Amino acid sequence: MNQQVPTQQPRRALRLPQVLDRTGKSRAAVYRDIAAGKFPAPFKIGERASAWSEADIEQWLANRMAGVSK
């Protein structure tokens, strides 16, 4: 019997420079939009370090390209 195991992409964490590069936003615009609830919030990966879920950023970009504002 041949069972197919679904392959999942590993979850990746993006740091701020990667988020800025992918979105084209400025640092100030990212944090302003987070405060307004219009951009995914980061999560802590260390005492003084934060990151964003790559999947959240990709979904945000897909929504923007589809004309969804949030």
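The values are calculated or read from the model by the stated rules, or taken from the named source; none is laboratory data. Keep in mind that this is a model prediction, so the values were computed, not measured. Note: ideal-geometry Cβ built from the backbone for every residue, glycine included; neighbour counts use all protein chains shown.
Annotations for the structure displayed:
- Unique match (being over 17 Å from Pro17 (Cβ atoms) and touching a helix residue (DSSP H, G or I) at 6+ places or on another chain (Cβ under 8 Å)) among Ala36, Ala55, Ala41: Ala41
- Subset of segment 10-46 (residues that are over 19 Å from Arg64 (Cα atoms) and among the β-branched types (Val, Ile, Thr)): Ile45
- For the condition on the phi < 0 side of the Ramachandran plot, exposed (fewer than 15 other Cβ atoms within 10 Å of the Cβ), of a type in the set (S, T, N, Q) and in contact with a Leu (Cβ under 8 Å, 6 or more places away or on another chain), Ser53 does not qualify.
- Answer residue from segment 1-23, given it is within 10 Å of the chain's Cα centre (by Cα) and among the charged types (D, E, K, R) and is modelled with the lowest pLDDT among those: Arg12
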